[in-house]
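Working notes, structure below.
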Amino acid sequence: MSLDIIEKSRLAPKLPYDAMRKSILGNSYSLTLAFIGEKRAQSLNKTHRNASYVPNVLSFPLDAHTGEIYITPLVARREAHKYGMTTVGYIGYLFIHGLLHLKGHDHGATMEKAEKRYVSKYELK
């Protein structure tokens with residue numbers, strides 16, 4: 001299907017988002033990716049998850065073949081060094097993390113193994 005990217009930030013890096021989407025979710029999955037500010041991220045998190053912190057990434061399945069991912073670049077920029085990654089690499093990792101949630105993965109060893117595989121495949125550093 002398609003990938004729509006809504007770039008709201010100069011911190012939104014150029015990455016192979018569509019290739020990542022296809023390799024994790026398949027070609028028939030339609031996805032919207034939005035780069036948002038901290039206030040909007042916190043509001044979405046509070047509304048949809050009843051959590052008050054500012055998230056680095058949120059993913060929402062809309063149906064079996066459609067979803068949305070929201071990434072907060074300013075949070076990613078602050079967190080990247082904790083994981084030994086560049087901001088660009090970490091945003092790529094967060095996108096992969098969101099895709100895996102849309103695929104149905106929960107946090108744990110299986111998801112971490114898949115994340116590592118895709119981070120390596122897309123040479124995210």
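Condition check: of a type outside the set (Asp, Glu) and more than 15 Å from the chain's Cα centre (by Cα). Does Gly37 satisfy that? Taking the combined requirement at face value, the residue does not satisfy it.
Among residues of region 93-111 being over 17 Å from Lys121 (Cα atoms) and in contact with a strand residue (DSSP E or B) (Cβ under 7 Å, 6 or more places away or on another chain), the one that is surrounded by the fewest Cβ atoms within 10 Å (Cβ to Cβ) is His101.
Residues in region 51-70 include at least one that is β-branched (Val, Ile, Thr), touching a Ser or Thr at 6+ places or on another chain (Cβ under 9 Å) and surrounded by fewer than 17 Cβ atoms within 10 Å (Cβ to Cβ). Of the residues Ala80, Ala41, Ala114, the single one that is small (Gly, Ala, Ser), buried (at least 17 other Cβ atoms within 10 Å of the Cβ), free of Cβ contacts under 8 Å to residues at least 12 places away in the same chain and assigned to a helix (DSSP H, G or I) is Ala80. The set of residues in region 18-31 being of a type outside the set (Val, Ile, Thr), buried (at least 18 other Cβ atoms within 10 Å of the Cβ) and assigned to a helix (DSSP H, G or I) consists of Met20, Arg21, Leu25. Looking at this structure, is Lys22 out of contact with any helix residue (DSSP H, G or I) (no Cβ under 9 Å at 6 or more places or on another chain), over 18 Å from Leu124 (Cβ atoms) and of a type in the set (D, E, K, R)? Considered against the rule, which asks whether it is out of contact with any helix residue (DSSP H, G or I) (no Cβ under 9 Å at 6 or more places or on another chain), over 18 Å from Leu124 (Cβ atoms) and of a type in the set (D, E, K, R), Lys22 comes out as no.
Just so you know, all these numbers are worked out from the coordinates, no wet-lab data involved. This one's a predicted model, so the numbers in the text were calculated from it and none came from an experiment. Please note: Cβ atoms are built from the backbone with ideal geometry, for glycine as well, and neighbour counts cover all protein chains shown.
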